[in-house]
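Chemist: Let me begin by handing over the structure; questions about it come next.
Since every read-out is calculated from the coordinates, none of them should be taken as a lab result. Source: prediction; values computed, not measured. Don't worry about glycine lacking a Cβ; one is built from the backbone with ideal geometry, like all the others, and counts go over all protein chains shown.
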Amino acid sequence: MLPIDVLIIGAGPAGISSALHLVNADASWASRLLVIDKAIFPREKLCGGGVMRFGEQALWRLRLPFAPCQIPIREAKFIYDQHVMTLRAQPLFRVVHRADFDDWLLRQAERQGVIARQSEALLDLQYTENGIHVMTSQAQFLAKLVIAADGSNSAVRRLLKLQRPTHPPVARLLEVVTPAKQDLLAFRDGVAIFDFSCMAQGIQGYCWDFPAIRNGEAWMNRGVYDSRVHAQLPLSSLPNALEHHVTKQGEIWDEAAMNGFPIRWLDEESAVSVPRIMLVGDAAGVDPLFGEGISYALAYGEAAAISVVSAFEQGDFSCVSYREQIMQHPILRQLRGRRNMAKLLYNFCGHPTRLRLLWKAAPLLFRCLAWYRPEYLPFPARQIKIEH
């Protein structure tokens with residue numbers, strides 16, 4: 001059994017951010033931690049790929065430039081039925097291809113001495129007197145602390161039996177990616193679409209259209225997001241909503257190209273830590289309003305690293321202060337407001353008349369938020385131009 005101070009399970013943005021923040025705090029952490037992941041990088045990851053302003057802030061806090069392969073979005077259209085609100089900024093946000101972004105981030109960590117073992121899956125973990133006995137497909141470890149960065153379907157959460165039996169805080173998503181031409185408006189002008197028309201059918205979210213670059217080629221990433229913040233409401237058909245959205249854009253619908261994935265969002269009741277184990281990123285929970293995951297995953301790494309350093313300095317591995325660390329973090333503390341906004345907005349689902357009235361007032365509401373609560377918005381609120 002190999003002793004290790006910190007074992008990070010998952011080499012996505014949350015796990016690698018945790019490692020980088022530790023190494024940035026003290027270079028000796030590179031020899032005291034290990035990252036494992038069941039995949040081999042670069043690996044495909046279902047994701048819209050939007051990195052909002054908080055993501056750029058999180059990268060800056062990691063002392064990293066933005067990923068080299070990206071599409072800056074300069075215009076976003078927010079649609080409900082025939083109502084359109086257009087936001088413009090330079091840029092509003094950026095779109096990345098997750099396989100490329102995650103691989104780039106992993107390479108940055110390896111350049112700083114972080115060791116990441118790929119194709120190594122978690123099998124089991126058990127408490128011992130001196131730490132956590134972790135069994136993987138390749139080895140066994142005795143870790144003083146474990147950082148679980150293994151996604152919305154977290155194996156660590158499952159093994160610890162931390163799932164809520166009813167109404168788990170998990171959003172539903174479907175995505176379809178199709179080849180495109182780079183002379184499309186989406187690529188030429190950097191245009192993204194957020195279409196909330198599906199709320200009339202009871203979907204607690206929106207459909208999206210993002211331009212994307214994969215292996216140097218143009219693609220359109222389209223999908224539908226259903227937050228399920230009101231879990232007691234009936235489920236609506238995501239495939240039907242996505243088919244309607246895709247065909248409305250003049251594209252041929254191909255059901256075989258559709259893929260689904262969950263996103264866990266942070267709520268007050270779900271555990272984010274137990275003694276010697278902290279959950280980060282999607283394993284802990286991200287944004288229910290827009291389903292934004294990358295930005296918050298990067299921020300979780302900083303909160304976890306601060307908690308790790310404190311645990312070793314004080315000899316206290318209970319991790320009881322980790323949630324407080326999340327709520328005090330300048331980026332992660334916005335999740336509570338995002339959750340409240342999601343519950344308010346998506347309470348209008350299934351009420352077309354109320355939705356039309358809401359959308360007529362949207363520019364005024366957006367301006368009020370941009371001025372009084374800019375942290376609730378994923379865009380650089382005070383720099384944007386609004387057209388209606």
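Chemist: Ranked by Cβ crowding within 10 angstrom, fewest neighbours first, how are Asp103, Asp124 ordered? Show your work: numbers first, answer last.
Modeler: On the way: Asp103 15, Asp124 11.
Ordered from fewest to most neighbouring Cβ atoms within 10 Å, Asp103, Asp124 come out as Asp124, Asp103.
Chemist: Along the stretch 267-282, what does the Karplus equation 6.51 cos²θ - 1.76 cosθ + 1.60 (θ = phi - 60°) give for ³J(HN,Hα), rounded to whole Hz, x for Gly and Pro?
Modeler: With coefficients 6.51, -1.76 and 1.60, one gets 10, 6, 8, 6, 5, 10, 7, 9, x, 6, 9, 10, 9, 10, x, 4 Hz.
Chemist: Among bridges DSSP assigns within the stretch 2-387, what percent are antiparallel (round to 5)? Kindly include the intermediate steps, with their values, before the conclusion.
Modeler: On the way: 53 of 75 bridges.
Antiparallel bridges: around 70 percent, rounded to the nearest 5.
Chemist: With bins 5 Å wide starting at 0, give me the P(r) of the stretch 244-288 over every alpha carbon pair, in whole percents.
Modeler: P(r) for the stretch 244-288, in whole percents per bin: 5, 16, 16, 13, 9, 11, 10, 9, 6, 3, 1.
Chemist: If you fit an axis through the alpha-carbon atoms of helix 13-25 and take the longest principal axis of the Cα set of the chain, what angle between them do you get, 0 to 90°, nearest 10?
Modeler: Helix 13-25 and the main axis of the chain meet at about 50 degrees.
Chemist: Let me ask something additional. Say each of Arg107 and Arg356 gets a label point 7 Å from the Cα, pointing the same way as Cα to Cβ; how far apart are those two points in nm?
Modeler: So the two model labels end up 5.3 nm from each other.
Chemist: Setting aside same-chain residues fewer than 8 positions from Lys38, which lysines have a Cα under 22 Å from its Cα?
Modeler: List returned: Lys144, Lys161.
Chemist: Tell me, in nm to one decimal, what length is gained between Glu44 and Thr86 on full extension, where the rule is 0.36 nm per residue of separation less the Cα-Cα distance? Please report the intermediate quantities before stating the final value.
Modeler: Working: separation 42, 0.36 × 42 = 15.12 nm, distance 3.12 nm.
That works out to 12.0 nm of additional length.
Chemist: Could you line up Ile306, Ile40, Ile9 from fewest to most neighbouring Cβ atoms inside 10 Å?
Modeler: Numbers: Ile306 18, Ile40 9, Ile9 30.
Result, fewest neighbours first: Ile40, Ile306, Ile9.
Chemist: May I pose another question? I'm checking a number: the convex hull volume of the Cα atoms of the chain, normalised per residue, in Å³. What is it? Don't skip to the end; give the middle numbers.
Modeler: Working: hull volume 51.0 nm³, N = 388.
Residue-normalised Cα hull volume stands at 131 Å³.
Chemist: Which residues among the stretch 256-281 fall inside the zone where the amide N is under 17 Å from a point 7 Å beyond the Cα of Ser310, along Cα→Cβ?
Modeler: Within reach of a label on Ser310, which here means backbone N under 17 Å from a point 7 Å along Cα→Cβ, the stretch 256-281 contributes 272-281.
Chemist: Enumerate the amide H contacts of Ala218 below 5 Å, restricted to partners 5 or more residues apart or on another chain; note that Pro and chain-start residues carry no placed amide H.
Modeler: Ala180
Chemist: If you fit an axis through the alpha-carbon atoms of helix 98-111 and take the longest principal axis of the Cα set of the chain, what angle between them do you get, 0 to 90°, nearest 10?
Modeler: Computed tilt is about 30 degrees.
Chemist: Around Ser137, with a cut-off of 12 angstrom between Cβ atoms, what is the net charge of the other residues, counting Lys and Arg +1 and Asp and Glu -1? Spell out each step's value before the answer.
Modeler: Working: positive: Lys38, Arg117; negative: Asp37, Glu120, Asp124.
Net charge in that neighbourhood comes out at -1.
Chemist: Would you please give the FRET efficiency between Ser28 and Gln57, computed as 1/(1 + (r/R0)^6) with r the Cβ-Cβ distance and R0 = 30 Å, to the nearest 0.05? Don't jump to the answer; show the numbers that get you there.
Modeler: Working: r = 27 Å, r/R0 = 0.89.
E(calc), rounded to 0.05, equals 0.65.
Chemist: Work out the FRET efficiency for Arg367 and Val320 from their Cβ-Cβ distance, taking R0 = 56 Å, and round it to the nearest 0.05.
Modeler: The formula returns an efficiency of 0.85 here.
Chemist: Still on this structure, please answer the following. For Lys248, give me every one of the lysines with a C-alpha distance below 17 angstrom, ignoring sequence neighbours fewer than eight places off in its own chain.
Modeler: Partners found: Lys77.
Chemist: Between the helical axis of 238-248 and the dominant principal axis of the chain, each derived from Cα atoms, what acute angle in degrees is found, rounded to the nearest 10?
Modeler: That helix lies at roughly 50 degrees to the long axis.
Chemist: Sticking with this one: How do His133, His167 line up, fewest other C-beta atoms within 10 Å first? Write out the running numbers ahead of the final one.
Modeler: Working: His133 15, His167 12.
Result, fewest neighbours first: His167, His133.
Chemist: On a straight-distance basis, which aspartates and glutamates could pair with Lys45 in a cross-link, Cα separation under 12 angstrom, same-chain partners fewer than 8 positions away excluded?
Modeler: Once the sequence-local aspartates and glutamates are set aside, what remains near Lys45 is Asp100, Asp102, Asp103, Glu175.
Chemist: A further question follows. When the helices in the chain are scored as -39500 (n - 2.57) per DSSP H run of 4 or longer and the sum is shared across all residues, what 222 nm value do you end up with, to the nearest 500 deg cm²/dmol? Could the numbers behind the result be given before it?
Modeler: Working: 11 runs with 116 residues, N = 388.
Value at 222 nm, helices only: -9000 deg cm²/dmol.
Chemist: Return the FRET efficiency for the residue pair Asp124, Gln328: r is the Cβ-Cβ distance, R0 is 30 Å, and the value is rounded to the nearest 0.05. Walk me through the numbers on the way to the answer.
Modeler: On the way: r = 33 Å, r/R0 = 1.11.
Here the calculated transfer efficiency is 0.35.
Chemist: With label points built 7 Å along Cα→Cβ from the Cα atoms of Lys161 and Gln140, find their separation and express it in nm.
Modeler: Between Lys161 and Gln140, the simple spin-label model gives 2.3 nm.
Chemist: Still on this model: Stick to the Cα atoms of the stretch 1-121, pair each with every other, and give me the Kirkwood hydrodynamic radius in Å at one decimal.
Modeler: 15.9 Å
Chemist: What longest region of the chain stays clear of trypsin sites (Lys or Arg not before Pro) that DSSP places outside H, G, I, E and B and that have at most 12 other Cβ atoms within 10 Å?
Modeler: Numbers: sites that count: Arg63, Lys161, Lys181.
It runs 182-388.
Chemist: Between Gly131, Gly315, Gly223, where does the largest GNM mean-square fluctuation fall for the chain, given springs only between Cα atoms within less than 10 Å?
Modeler: Gly315
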